[in-house]
Every structure is written in C-alpha cells, then in structure tokens.
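The values are calculated or read from the model by the stated rules, or taken from the named source; none is laboratory data. Because the structure is predicted, anything quoted here is derived from the model rather than measured. Ideal geometry is used to build each Cβ from the backbone, glycine not excepted, and the neighbour counts take in all protein chains shown. These area figures cover heavy atoms from the full protein model, side chains too; ligands, DNA and RNA do not enter into them. Shrake-Rupley method; radii C 1.70, N 1.55, O 1.52, S 1.80 Å.
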Amino acid sequence: AVASDQKNVLVYDLLKLDAGVTNFSPRELKKHKDIINKVTFSADGNFLASASLNNELILWKPDGSVVVELGDVKNIVNAITFSHDSKILVAMDVLGRGTSFSIPSGNKFADFNGHDNTVFSADFSPESASGNYLVATAGGNDNVIYIWNAINGRSLQTIKGHGSTIWDLSFGDELQLFISKEQSKNEKIRYQFKFD
C-alpha cells in the first residue's frame with residue numbers, strides 16, 4: 001500500500017496484517033522536490049510511479065531505489081496508470097496532454113493530445129494483459145472520454161461529455177467502463193466497448 005506525505009512516498013507492508021501487526025512503520029521513498037499528488041503500483045508489484053507538483057514523474061522499485069526519472073514531463077501530472085502487464089505507464093497532465101512510457105526503460109512511446117484541459121483519470125483496458133494497449137482517459141473542458149492506443153497515441157473512440165466532471169473511471173471485465181461523475185441522481189454509469 002502506498003500513501004504520500006508531502007515530498008516522500010510512504011510504502012506500508014500490509015503483509016504484516018496476517019501476523020496481527022497493527023502498528024506500521026512505512027518505508028520512505030525520498031527523491032521528490034515538491035508535494036506528491038499521485039502514486040500507483042504496477043499490477044505485478046515490481047514498480048511504483050509517483051508524481052509531484054514540481055512536474056516530476058519517478059519510477060521506483062518497492063525497496064525505494066529509483067529506476068528512472070521520466071523527463072518528458074512539462075506540466076503537473078494529474079493521472080497515472082500502468083498497463084495490466086506492467087510494461088507501459090501512461091501519465092496525463094493538467095493541460096490534458098498524455099504520454100506513454102515503456103517500463104522499466106522509461107523510453108517514450110507516444111504523446112496523446114486529444115484533451116483540451118485537465119484529465120482527472122486514466123485506466124488501461126484488461127486487454128493490455130494480452131498486448132492490446134488501449135487506455136481510457138477522461139477530462140478536458142467538455143468532459144470527454146477518449147479510448148486511445150498507448151503505443152502510437154491514436155484515438156480509437158470518443159465519448160462526448162454530458163456536462164459533469166468525470167472524477168474517476170475504471171475498466172471492468174469484457175471492456176465495461178465504469179465512471180464516477182457529479183450527478184443529481186445516485187446512479188451507476190456503464191459503457192460497453194468492443195474492439196476488433
């Protein structure tokens with residue numbers, strides 16, 4: 001489990017819960033120069049990525065060693081997600097620009113410039129585990145959802161916004177996309193996708 005505390009990433013070993021431990025001393029990952037606003041683990045548990053308000057994006061090993069500082073970040077990163085096979089990281093910034101990186105090298109795959117303002121959430125489809133690297137991102141002035149290819153940056157599908165900010169989104173099984181947004185009613189929203 002990961003939390004952020006000002007400029008340090010805190011990693012808690014929750015395996016100790018099985019042994020009855022209730023008081024945790026976290027491992028501190030120190031490298032950022034400003035407040036950390038995003039942290040996520042890769043699905044295989046071998047990497048974690050963190051972003052700060054100083055336009056920093058760092059890839060770590062869970063032991064605290066830095067794998068690579070991803071240098072093609074020019075704005076504050078507001079959403080990060082790993083592919084299900086842990087081979088690609090996508091970062092979306094406060095201007096709506098996205099970049100995909102190869103893991104662990106940190107080499108850039110592609111840029112995505114579909115959004116025209118801040119992106120609040122991003123998630124890879126479950127198909128990324130088999131090499132189909134589709135990612136959904138939501139945000140911009142019109143709260144649009146884009147489904148795009150993280151290898152080449154090409155947009156495959158667009159879902160027009162309906163006026164409300166999309167705060168989070170997540171793929172379920174069989175390419176179901178669930179979103180969380182501001183609404184007057186308490187209702188679930190689900191989109192179903194199929195790509196050949």
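Computed values, structure above
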read-out: Any hit, region 46-59, residues being of a type in the set (S, T, N, Q) and in a strand (DSSP E or B); value: yes
read-out: Test result for His84, in contact with a helix residue (DSSP H, G or I) (Cβ under 8 Å, 6 or more places away or on another chain), under 16 Å from Leu169 (Cα atoms) and open to solvent by 10 Å² or more (accessible area, probe 1.4 Å); value: yes
read-out: From Ser121, Ser105, residue being of a type in the set (Ser, Thr, Tyr) and in a strand (DSSP E or B); value: Ser121
read-out: Subset tally (residues that are more than 18 Å from Phe120 (Cα to Cα) and in a loop (DSSP other than H, G, I, E, B)) for region 21-45; value: 14
read-out: Pick from region 126-155, criterion open to solvent by less than 10 Å² (accessible area, probe 1.4 Å) and under 16 Å from Ser42 (Cβ atoms), ranking: modelled with the lowest pLDDT; value: Ser128
read-out: Of all residues making up region 66-79, the number that are at pLDDT 95 or above and part of a loop (DSSP other than H, G, I, E, B); value: 0
read-out: Output for region 1-17, where each listed residue is among the basic types (Lys, Arg) and at pLDDT below 80; value: Lys16
read-out: Matching entry among Leu10, Leu57, Leu15 (being in contact with a strand residue (DSSP E or B) (Cβ under 8 Å, 6 or more places away or on another chain), free of Cβ contacts under 8 Å to residues at least 24 places away in the same chain and of a type in the set (A, V, I, L, M)); value: Leu10
read-out: Selection within region 27-77 - surrounded by 14 or more Cβ atoms within 10 Å (Cβ to Cβ) and β-branched (Val, Ile, Thr); value: Ile36, Val39, Thr40, Ile58, Val67, Val68, Val73, Ile76, Val77
